[in-house]
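One structure below.
The values are calculated or read from the model by the stated rules, or taken from the named source; none is laboratory data. Nothing here was measured: the structure is a model prediction, and the numbers come from that model. Cβ atoms come from the backbone with ideal geometry, glycine included; neighbour counts cover every protein chain shown. What goes into the accessible areas is simple: the full protein's heavy atoms, side chains included, and nothing from ligands, DNA or RNA. Shrake-Rupley method; radii C 1.70, N 1.55, O 1.52, S 1.80 Å.
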Amino acid sequence: MTNSADIDIAPTRSLARPPRLVRAAVSMPDTTTTVRHLDTDAAVGAVGWLKVESSAVCGTDVSLYRGGLDSPTVLGHHVVGTVVSLDETQATSWDVRPGDRVALEEYLPCRSADCPACRTRDYRMCPQTDLWQGKRRVGLVSAEDGSGLHGGNAEYMQLTANSLVYRLPANLDADLAAWTQPFANALDWTVDAGGAEEGSTVVVIGPGYHGIAAVAAARAAGAARIVVIGVPDSAGRLEIAESLGAAPVVNNNASLPDLIWRATDGEGADVLLDTVGLGGEAVAAAARVLRKRGRLVIGGLGSTPVCELDLKSLVRGANTIVGVRGRSPEAVRRSIDILADGRSGLEIVPAIDVDLDQVDDMLGRMAAGQGPVSPHVVIRPQLRRPIDQK
Ligand SMILES: [Zn+2]
Ligand SMILES: [Zn+2]
């Protein structure tokens, strides 16, 4: 994993350094993960180091893993940690100091003045970091690149000049802090793209990680009615959604529009958020259940991404269909504020703590669809369990 020829001039000046060798869960293209010691001295382009507190697993990790990675990779892109060292220039530009607790976004955008996305801080659309283009992102850069410490599933990871870093309150509960990115996504999708507001009716398809976060986002926005629809196998997660204030609906192969009509007492939805990728089925349902000016938000890519649109209902309802990915910097800040002031409600979702030695087993289980009931699976690289508890 290390290449001594690549050792760069130590990028941090007069500041603490991480240990030379740190433990990292390296995920392989053959869908196995092994814990290795990687060399922080091999870092190229590091402007500082983060001691990783948590790295929450989301569906993207699982599908990347299941689909076969291009090369050995330290996964983990929903990262929270403490800055242990930072180049002075960077510290000034980020307004972050060693000792600060921060959350990272996964994007590593080019930040060039010539990039239309970066110029407007729409980092998710920067070609360099786009998941379908440059793929330069936290938790996706090869473990064979420099130190290899580019993801959250490691004791330490390197910060680079294009990292997106957000300061977190030091006293924010660790389980809540790990929600920073998924909850920011949910705010972006449900509130910013979906338009959920005080009094809205919000229907969420899929009580997965983002579905549960969307319930919390809708609740924080003041939605009057929240409905979550899941398959019979998701009963445990529907219960979690219910305890967050949503009405749970089990979809036993019934017609989706009928389910939504019944769950909303015939009123329909202002926001219909598809987190699982129902494709045509969601579009067909939207045509029947969206209220005037209602929006269908598509946050999942299923197996049927092509469908027919009912333009008549779209025009008559002045409805909107919008695809979403990731989140804006502003949504991250709002996520942190709501988590910190206790309005998210997400403290009721149990966190499943995973140490580095358990990453292989957990990713394997999740890829096989046999993950835990709670969607909040959090890798904690500093956690070391005695052998007999593994
Ligand atoms: Zn993610
Ligand atoms: Zn860019």
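The C-beta contact set for region 218-236 (first residue in contact (Cβ under 8 Å) with a residue 60 or more places away in the chain, second residue among the β-branched types (Val, Ile, Thr) and part of a strand (DSSP E or B), distance under 7 angstrom, 6+ apart or interchain) comprises Arg219/Ile226.
Rundown of residues vs (1) closer than 30 Å to Asp192 by Cβ; (2) of a type in the set (A, V, I, L, M, F, W, C); (3) without any contact (Cβ under 8 Å) to a residue 40 or more places away in the chain, yes/no style:
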| site | (1), (2), (3) |
| --- | --- |
| Pro18 | no, no, no |
| Gly45 | no, no, no |
| Ser63 | yes, no, yes |
| Ser93 | yes, no, yes |
| Cys110 | yes, yes, no |
| Gln128 | yes, no, yes |
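Could you tell me whether any residue of region 267-284 is of a type in the set (S, T, N, Q) and either within 20 Å of the chain's Cα centre (by Cα) or assigned to a helix (DSSP H, G or I) (or both)? Yes, there is a match, as at least one residue in region 267-284 is of a type in the set (S, T, N, Q) and either within 20 Å of the chain's Cα centre (by Cα) or assigned to a helix (DSSP H, G or I) (or both).
Scanning region 82-111 for residues that are at negative phi and either of a type in the set (Gly, Ala, Ser) or not assigned by TED's automatic domain parsing to the domain that holds Arg20 (or both) yields Ser85, Ala91, Ser93, Ala103. For region 63-97, a residue qualifies if it is modelled with pLDDT of 95 or more, open to solvent by 10 Å² or more (accessible area, probe 1.4 Å) and within 14 Å of ligand 1 (Cβ to nearest atom), and exactly one does: His77. Of all residues in region 114-147, those being of a type in the set (Gly, Ala, Ser), at pLDDT 95 or above and in a loop (DSSP other than H, G, I, E, B) number 4.
Listed by position, the strands (runs of 3 or more DSSP E) inside region 175-263 whose residues that are more than 16 Å from ligand 2 (Cβ to nearest atom), at pLDDT 95 or above and polar (S, T, N, Q) number at least 1 are 201-205. Selection of region 112-138 for residues being more than 9 Å from ligand 2 (Cβ to nearest atom) and over 20 Å from the mean Cα position of the chain (by Cα) yields Ala113, Thr120. Taking region 110-138 as the range and being within 16 Å of ligand 1 (Cβ to nearest atom) and of a type outside the set (Asp, Glu) as the test, the residues that pass are Tyr123, Arg124, Thr129, Leu131, Trp132, Lys135, Arg136, Arg137, Val138. Just checking, does region 116-129 include any residue being open to solvent by 40 Å² or more (accessible area, probe 1.4 Å), among the hydroxyl-bearing types (Ser, Thr, Tyr) and under 24 Å from Ser27 (Cα atoms)? No - not one qualifying residue is present in region 116-129.
Where residues in region 30-75 are under 19 Å from the mean Cα position of the chain (by Cα) and part of a loop (DSSP other than H, G, I, E, B), which of them is farthest from ligand 2 (Cβ to nearest atom)?
Val57
Residues that are assigned to a strand (DSSP E or B) and of a type in the set (A, V, I, L, M) within region 148-159 comprise Ala154, Met157, Leu159, listed in sequence order. Contact map, region 146-173: residues that are over 26 Å from Cys118 (Cβ atoms) paired with residues that are at pLDDT 95 or above and open to solvent by 30 Å² or more (accessible area, probe 1.4 Å), Cβ distance under 6 Å, separation 6+ or inter-chain. Pairs shown: Tyr156/Lys51; Pro169/Ala340; Leu172/Ala340. Scanning region 46-62 for residues that are open to solvent by 40 Å² or more (accessible area, probe 1.4 Å) and not polar (S, T, N, Q), we see that the one that is nearest to ligand 1 (Cβ to nearest atom) is Gly59. A Cβ distance below 7 Å, combined with a sequence gap of six or more or placement on separate chains, defines the contacts here; from region 252-266, residues that are on the phi < 0 side of the Ramachandran plot reach residues that are part of a helix (DSSP H, G or I) and at pLDDT below 95 in the pairs Asn252/Pro232; Leu256/Glu281; Leu256/Ala285; Pro257/Ala285; Pro257/Arg288; Ile260/Ala285. Going through region 177-200 one residue at a time, which ones are open to solvent by 10 Å² or more (accessible area, probe 1.4 Å) and of a type in the set (Phe, Trp, Tyr)? Answer for region 177-200, where residues must be open to solvent by 10 Å² or more (accessible area, probe 1.4 Å) and of a type in the set (Phe, Trp, Tyr): just Trp189. Filter region 102-113 down to the residues that are touching a strand residue (DSSP E or B) at 6+ places or on another chain (Cβ under 7 Å) and part of a loop (DSSP other than H, G, I, E, B) and list them by number. If the condition is that a residue be touching a strand residue (DSSP E or B) at 6+ places or on another chain (Cβ under 7 Å) and part of a loop (DSSP other than H, G, I, E, B), then Glu106, Leu108 are the ones that fit.
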